[in-house]
Amino acid sequence: SQAQLLHSQKMEAVGRLAGGVAHDFNNILGVILGYASRADAALDPDAADASLAGIRSAAQRGAVVTRRLLSLSRDEAREVAVFDAAAAVRDIAPMLRQLFGQQVQMAAHVAAEPLPVRLDRAEFELALLNIAANARDAMPDGGTVRINVERQHGSVAITVTDSGVGMPPDVIERMFDPFFTTKARGHGTGIGLAVVHRLATEAGGAVRVDSEPGRGTALRLLLPLVDAPPAVTTRPATLRVLLVE
Ligand code: ADP
């Protein structure tokens with residue numbers, strides 16, 4: 001019946017939302033646990049303070065996710081604004097480093113010029129965490145990740161290149177499909193790249209992939225450069241509100 005159909009559509013939407021939230025939380029909790037063990041191991045107070053600052057910053061991103069969940073729709077709470085993608089990647093780099101852990105070497109090369117883009121900054125950051133988590137999972141025995149942020153014609157190109165397991169053509173073909181995962185139960189939801197892809201296309205950009213089994217993967221997020229100078233140079237409002245204690 002019509003009512004049953006509506007119900008199953010609603011359940012599907014709820015399931016998708018829950019899966020996305022679980023995915024974001026897993027990434028964030030991984031970062032927090034990494035910082036916590038570093039704080040445990042820290043010999044001097046300054047090093048411990050830096051780890052605590054990392055925990056605070058990761059927790060703030062988690063709070064953005066719950067805020068969205070409370071509003072019951074990511075779309076409703078979306079805050080599209082102009083920000084500098086180069087600065088945003090520079091800001092989140094320590095968190096990415098933490099996500100990779102000790103086994104993975106990370107090299108970031110970020111253009112010095114401002115690269116203004118227009119989308120929700122919190123979603124952009126969560127997308128980077130997703131891409132980075134995939135790179136980490138592709139290198140169970142460690143490896144190297146390169147992060148490049150540069151202008152490419154009328155776009156900003158953010159490229160994450162790993163030296164991991166790579167993907168055969170049939171996986172590349174399905175990697176953006178919602179719920180497609182090759183990971184073991186409990187380790188993958190298949191939501192990360194579907195969300196990244198949606199975010200990029202809705203911002204007028206694209207996601208490109210170059211991958212080879214046994215050699216690694218390069219994932220490139222292309223976002224249109226906007227002409228306007230960044231209107232917001234500080235944290236977006238969602239985070240600013242959360243910073244007030
Ligand atoms: P999940 O990470 O939960 O599996 P994603 O949508 O993020 O979901 O990724 C879908 C699939 O794409 C992964 O299960 C994996 O097979 C493949 N994939 C994504 N990124 C990489 C990568 N950097 N290297 C190898 N495979 C990848």
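Read-outs: derived from the displayed coordinates by stated rules, not from any lab. Note that the coordinates shown come from a computational prediction; the quantities given were computed from them, not determined experimentally. So basically every Cβ, Gly included, is an ideal-geometry build from the backbone, and we count neighbours across all protein chains shown.
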Legend entry - 10 Å binning of all Cα-Cα separations within segment 117-157, expressed as whole percents from 0 upward: 23, 44, 28, 5
Legend entry - Size descriptor, Kirkwood hydrodynamic radius, that averages inverse alpha-carbon separations across segment 74-121, Å: 12.4
Inset, instruction - Name the residue, out of 146, 185, 90, whose mean-square fluctuation peaks in a Gaussian network model built on the chain with Cα pairs under 10 Å. - result: 185
Inset, instruction - Find which of 214, 1, 159 sits farthest along the positive direction of the dipole of the chain, computed with +1 on the beta-carbon of Lys and Arg, -1 on that of Asp and Glu, about the Cα centre. - result: 1
Inset, instruction - Please sort through the DSSP H helices of the chain and keep those with an alpha-carbon extent of at least 18 Å along the long axis and a Kyte-Doolittle average not below 0.5. - result: 85-100
Legend entry - Scaled radius of gyration (Cα, divided by 2.2 N^0.38 Å) that segment 160-201 gives: 1.19
Inset, instruction - Would you calculate a helix-derived [θ] at 222 nm for the chain, using -39,500 (n - 2.57) for each DSSP H run of n ≥ 4 and dividing by the full residue count, to the nearest 500? - result: -17000 deg cm²/dmol
Inset, instruction - Take segment 1-63, compute every pairwise Cα distance, and split them into 5 Å bins from 0; I just need the percent in each bin. - result: 4, 18, 17, 14, 10, 8, 8, 6, 6, 4, 3, 2, 1, 0
Legend entry - Cα gyration tensor shape of segment 45-160, rounded if a/c is under 1.5, else prolate or oblate by comparing a/b with b/c: oblate
Inset, instruction - Largest first and to the nearest Å, give the Cα extent of segment 178-222 along each principal axis. - result: 33, 25, 10
Inset, instruction - Provide the descending list of Cα extents for the chain along its principal axes, expressed in whole angstroms. - result: 65, 47, 42
